[in-house]
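Beneath this line is the structure, given in structure tokens, with notes to follow.
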Amino acid sequence: MSATPHIAGLTNKGLFLIELQEPYDEKVLRDETTVNIRSLVFSPKGTYLAYRTDKKAEIVSCADWSVAATIEGNAKDMFFSPLDTYITLREMFVMTKDNPQGKPNILVYKSSNGELVGSFVQKSQSDGEPKWSSDEKLFAIQINNRILVYEDGKLDRYVQQISAEKLKCFTISPSPAPNYYLSIFTLGKAGQPSFWRIFKYPQFDITQTVVSRSSFQADKAAFYWNRRGTNVFVMTQSDVDKTGGSYYGKQTLAHGDIKGNAGNVMFSKEGPIHAIAWNPGSWNEWVAVYGHAPAKATIFNAKCEPLFEFGSGAWNAIYFPPEGNIVLLGGFGNIATGHIEVWDLRGYKKLGSCSAPDTTCLQWDPRGETFLTATTYPRLTVSNGYKIWHHTGVLMHKRPYLEKEYLLAINWQPGSYAKSELSKSAPKGIQDATVKPAAAYRPPGARNKPSTFTLHEYEKPHKPGENVNAAPSKQAIKQKEKREARKAKRAGERETSPPPTTPQASRPPFISTGDPDKDKKIKNINKKLSDIDKLKAQKAAGKQLELNQLAKIENEAALLQELSQLRL
């Protein structure tokens with residue numbers, strides 16, 4: 001493995017490699033004579049790179065970029081096992097007259113030489129991809145309403161199974177042997193709840209569940225295990241929100257652990273749950289982006305207690321580098337700005353920000369020093385290309401694609417690499433000429449002036465318990481006025497000739513008229529006149545007033561006339 005990580009990219013003309021160092025030259029790995037390349041994927045450890053066409057799949061050894069194996073067939077998906085030992089190809093299930101039962105369409109091969117070690121018939125693609133345990137001791141595949149479990153790479157006969165009616169999905173925890181856990185989700189019948197459960201392998205009887213939770217508003221589920229496999233979050237969602245609160249259905253986030261504890265997660269802001277992610281460098285930390293726009297972002301511990309509030313922003317995605325010392329919050333898809341913020345989790349300090357609109361793919365490099373954003377075809381037909389950014393938001397390299405050349409996919413090579421100078425300081429950036437999204441319309445009279453209106457209220461970053469949006473106290477307001485007065489006085493003293501001051505009108509003391517209604521009106525007018533006196537003093541000191549403040553001063557004569565009539 002080289003000293004620096006590689007990037008593999010796929011275009012409509014071939015396959016290329018980039019080494020992460022200037023001048024970022026693209027080395028052709030497969031030229032335009034290799035037609036119909038559909039996708040590429042690196043193995044989790046970075047040992048192999050696989051790509052597929054409509055006729056074959058090739059496994060490339062990353063040690064010297066030579067072909068390790070060629071597998072004939074029209075694969076639709078490719079999956080490597082956690083330790084790079086095996087690769088699974090999934091083809092379309094097809095029944096013919098010669099083979100009415102259909103031939104096996106889930107095929108498992110050895111990555112090193114392409115030897116076939118197992119084959120399965122999976123008629124429904126909704127059954128999902130096969131799953132491996134983190135040490136590759138267990139292999140599990142869902143076939144209809146059964147989960148078949150194989151051990152030690154022997155895929156000719158299963159040793160355990162889970163049967164459940166209306167089984168929708170399952171996962172295997174990443175915990176080490178012998179503490180394997182399987183989580184499953186089953187859809188409820190009409191009038192019956194759906195369930196998600198956790199079993200400890202191989203105790204799969206319904207009476208032996210570690211956790212069992214039900215929901216009447218769940219049509220699908222997704223599982224998120226922490227690094228140790230001790231805690232899991234379950235995101236359930238209904239196809240339709242019967243309350244009308246969401247067009248996309250109602251979401252619920254629940255948590256469970258291998259000790260049997262479970263419950264629902266409640267957030268401090270209402271709205272959809274945009275993203276959740278465990279910190280890969282910690283078993284005890286996770287981040288969620290949630291709530292109506294602008295969404296909030298919070299880091300929690302495993303007990304769902306908030307550790308830090310990142311505030312709110314145009315976010316809907318979370319990306320951790322492998323080390324987990326920093327986190328990237330981004331807004332893509334239906335958020336046109338492509339706003340990105342990067343935070344250091346060791347002191348909750350913001351490292352930088354940038355904007356990458358039209359991003360369809362974002363990945364951290366294995367060292368966590370840079371990240372890659374790309375706009376791929378055919379997901380988007382404009383702004384096609386990729387960019388490499390320093391973790392502080394500095395743009396290091398940009399490659400646009402023009403004239404009938406399209407970027408189809410791009411990936412970092414995983415692996416372990418030594419840190420470089422990029423981890424210490426940001427390099428000199430390049431100019432980004434990408435067209436930024438158009439700003440909101442402002443009328444001519446409001447241009448080049450500070451805006452007093454915002455569509456959304458944004459929260460600032462803060463620690464839990466701090467109310468950054470609370471109204472200031474009377475004492476704080478008085479202190480602020482005193483500071484502003486001192487600043488204005490010092491500014492006036494520095495002028496060679498003092499500005500002309502506008503004498504304040506002598507305000508007669510309040511004397512009751514005997515009529516409560518008149519007295520109330522007089523007090524209100526006196527308060528307005530007092531505010532006008534303060535504004536006139538600020539104007540005399542050289543402060544630039546807003547249009548509404550100038551209008552108040554112009555209304556002084558009318559207020560004085562009204563006051564004199566009330567005192568008659």
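Here, each number is a calculation from the coordinates, and none is a lab measurement. Model, not experiment: these values are computed from the prediction. Here the Cβ is made from the backbone with ideal geometry for all residues, glycine too, and neighbour counts use every protein chain on show.
Mind ranking 377-389, 262-274, 547-559 by how tightly packed they are, going by the mean number of other C-beta atoms within 10 angstrom, highest first?
377-389, 262-274, 547-559
List, largest first, the extents of the alpha carbons of the chain along their principal axes, each in whole Å.
108, 60, 43
Run the numbers for residue 303 and residue 99: contour at 0.36 nm per residue of separation, minus the present Cα-Cα distance, in nm.
Contour length minus Cα-Cα distance gives 68.1 nm.
Put +1 on the Cβ of every Lys and Arg and -1 on every Asp and Glu Cβ in the chain; which of 89, 71, 195 then has its Cα farthest towards the positive end of the dipole?
About the Cα centre, the residue reaching furthest to the positive side is 195.
Amide H neighbours of residue 117 under 5 Å, at least 5 residues apart or on other chains, H built in the peptide plane: list them.
Long-range HN contacts for residue 117: 108, 109, 110.
Give the order of 362, 545 when sorted by the count of other beta carbons within 10 angstrom, beginning with the fewest. Working shown, then result.
Values: 362 18, 545 14.
By the 10 Å Cβ count, ascending: 545, 362.
Could you tell me which of rounded, prolate or oblate describes the stretch 250-357, using a ≥ b ≥ c as the square roots of the eigenvalues of the alpha-carbon gyration tensor, with rounded for a/c under 1.5 and, failing that, prolate when a/b is larger than b/c and oblate otherwise?
Oblate, since a/c reaches 1.5 and b/c is not below a/b.
Considering only Cα-Cα distances, which of the following residue pairs are longer than 26 Å: 27/398; 482/528; 269/349; 137/168; 137/200?
Checking Cα-Cα distances, every pair stays at or under 26 Å.
When the dipole is taken about the Cα centre of the chain, and only Lys, Arg (+1) and Asp, Glu (-1) are charged at their Cβ, what size is it in debye, to the nearest 20?
2360
When a/c is below 1.5 the answer is rounded, else prolate if a/b is larger than b/c, else oblate, so apply that to the stretch 164-313 with a ≥ b ≥ c taken from the square roots of the Cα gyration tensor eigenvalues.
Verdict is oblate for the stretch 164-313.
Starting from the eigenvalues of the Cα gyration tensor, five times each then square-rooted, give me the equivalent ellipsoid semi-axes of the stretch 97-167, largest first, whole Å. Mind showing how you got there, number by number?
Numbers: eigenvalues 80, 67, 21 Å².
Semi-axes (√(5λ), whole Å): 20, 18, 10.
Gain in length, residue 547 to residue 25, computed as 0.36 nm per residue apart minus the alpha-carbon separation, to one decimal in nm? Walk me through the intermediate numbers first.
Values: separation 522, 0.36 × 522 = 187.92 nm, distance 5.61 nm.
Computed gain between residue 547 and residue 25 is 182.3 nm.
Among 375, 298, what is the fewest-to-most ranking by other Cβ atoms within 10 Å?
So the ranking, lowest neighbour count to highest, is 298, 375.
Could you give me D for the stretch 116-249, from Stokes-Einstein at 20 °C and 1.002 mPa s, where the hydrodynamic radius is the Kirkwood radius over C-alpha pairs? Units µm² s⁻¹, please.
Diffusion coefficient, whole number: 136 µm²/s.
Can you tell me the FRET efficiency between residue 560 and residue 466 if r is taken as the Cβ-Cβ distance and R0 is 51 Å, rounded to the nearest 0.05? Walk me through the intermediate numbers first.
Numbers: r = 45 Å, r/R0 = 0.89.
Taking R0 as 51 Å, the efficiency between residue 560 and residue 466 is 0.65.
How large is ³J(HN,Hα) for each residue in the stretch 62-78, as worked out from phi by the Karplus curve 6.51 cos²θ - 1.76 cosθ + 1.60 (θ = phi - 60°), to whole Hz, x for Gly and Pro?
6, 5, 9, 6, 9, 6, 8, 7, 10, 10, 6, x, 9, 6, 9, 9, 9
Would you kindly give the portion of the calculated P(r) for the stretch 165-218 that falls above 16 Å, as a percent of all Cα pairs?
43
Tell me, 215, 420 in order of fewest to most beta-carbon neighbours within 10 Å?
Exposure proxy ranking, most exposed first: 420, 215.
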